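The values are calculated or read from the model by the stated rules, or taken from the named source; none is laboratory data. None of the values given here were measured: they were computed from a predicted structure. Neighbour counts are summed over all protein chains in view; Cβ atoms, including those assigned to glycine, are modelled from backbone coordinates with ideal geometry. Please note that ligands, DNA and RNA were not included when accessible areas were found on the heavy atoms of the full protein model with its side chains. Shrake-Rupley method; radii C 1.70, N 1.55, O 1.52, S 1.80 Å.
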Amino acid sequence: ADIVGLLCLRPAKAGGQSRIVSTVTIFNALRRAHPELVARLFEPFRLDRRDGQQPGQSPVSWITPCGFDGERLRTFYHSDYFRSIERHPGIELTAEERAILDFYDACAADPAFYLDMWLEPGDMQFISNHTVAHARTAYQDFDDPALKRHLLRLWLSVP
C-alpha cells in the first residue's frame with residue numbers, strides 16, 4: 001500500500017499514541033554512520049509470510065527494502081516480519097541484515113527521530129507507507145468491550 005490511514009473511533013484508557021518516523025532520515029543516518037551497509041538495502045531481504053502462504057508455498061517471500069527512482073527514496077520496513085524469518089528451520093539473518101535492522105530499530109526508538117501523537121475520536125492520520133514507518137506506543141485498555149480502543153486502518157494504493 002502507498003498510504004496508510006488511521007481513524008480513531010475510541011482511544012485507549014491510557015497510552016497508545018501513534019508513533020511515526022521518517023525512513024528517509026533513518027536511511028541518511030545509516031549512510032553517515034555505516035556507508036558500507038547502504039548497498040545491501042537495495043537488495044532483497046527475506047520477509048516472513050507469517051503463515052499467510054498458500055499450501056506448498058515458501059513461508060518467506062523476498063522484498064527489497066529500498067528503492068530510488070532518481071528523485072525519491074522509497075522504503076518498505078517491517079522489522080518484525082524481517083526478523084521472524086528465523087523461526088523457520090535453516091533460515092537465519094546475515095550479520096549485515098541484522099546490523100541494518102538493529103540500526104533502523106534503534107533510530108526508530110530514539111526520541112530524536114520519532115514523533116508521537118494522540119489520536120482522539122474523529123481524528124484521522126494519513127502517512128506515506130514509502131517514507132514513514134509507523135507504530136504505536138504501549139497502551140492500557142478498558143475492561144468494558146464497549147469502551148475498548150478502536151481504530152480503523154485503511155491501506156490505499158495509488159496509481
Expected output for the stretch 57-73 (first residue within 17 Å of R40 (Cα to Cα), partner of a type in the set (V, I, T), Cβ below 7 Å, 6+ apart or cross-chain) is P65/T75; C66/T75; L73/V24
When Y77 is run through (1) in contact (Cβ under 8 Å) with a residue 24 or more places away in the chain; (2) open to solvent by 60 Å² or more (accessible area, probe 1.4 Å); (3) not charged (D, E, K, R), the failure sits at (2)
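Is it true that some residue in the stretch 129-142 is touching a Cys at 6+ places or on another chain (Cβ under 8 Å), open to solvent by less than 70 Å² (accessible area, probe 1.4 Å), within 28 Å of L9 (Cα to Cα) and in a loop (DSSP other than H, G, I, E, B)?
Narrowing the stretch 129-142 to residues touching a Cys at 6+ places or on another chain (Cβ under 8 Å): none.
Checked the stretch 129-142: no residue is touching a Cys at 6+ places or on another chain (Cβ under 8 Å), open to solvent by less than 70 Å² (accessible area, probe 1.4 Å), within 28 Å of L9 (Cα to Cα) and in a loop (DSSP other than H, G, I, E, B).
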Expected single match for in contact (Cβ under 8 Å) with a residue 12 or more places away in the chain and more than 29 Å from E43 (Cα to Cα) among F126, F142, F113, F103 is F142
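Suppose the filter is open to solvent by 50 Å² or more (accessible area, probe 1.4 Å), touching a Lys or Arg at 6+ places or on another chain (Cβ under 7 Å), among the charged types (D, E, K, R) and in contact (Cβ under 8 Å) with a residue 60 or more places away in the chain; does R153 pass it?
Criteria not met by R153.
Which of the residues spanning the stretch 42-74 are of a type outside the set (F, W, Y), open to solvent by 70 Å² or more (accessible area, probe 1.4 Å) and more than 14 Å from the chain's Cα centre (by Cα)? Even if it seems obvious, please write down each step before you answer.
Restricting attention to the stretch 42-74, the residues satisfying the condition of being of a type outside the set (F, W, Y) are 43-44, 46-61, 63-67, 69-74.
Filter again for open to solvent by 70 Å² or more (accessible area, probe 1.4 Å), leaving 43, 49-51, 54-57, 69, 71-72, 74.
Within the stretch 42-74, E43, R49, R50, D51, Q54, P55, G56, Q57, D69, E71, R72 qualify.
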Conditions (1) under 30 Å from R10 (Cβ atoms); (2) in a strand (DSSP E or B) -> E120 fails only (2)
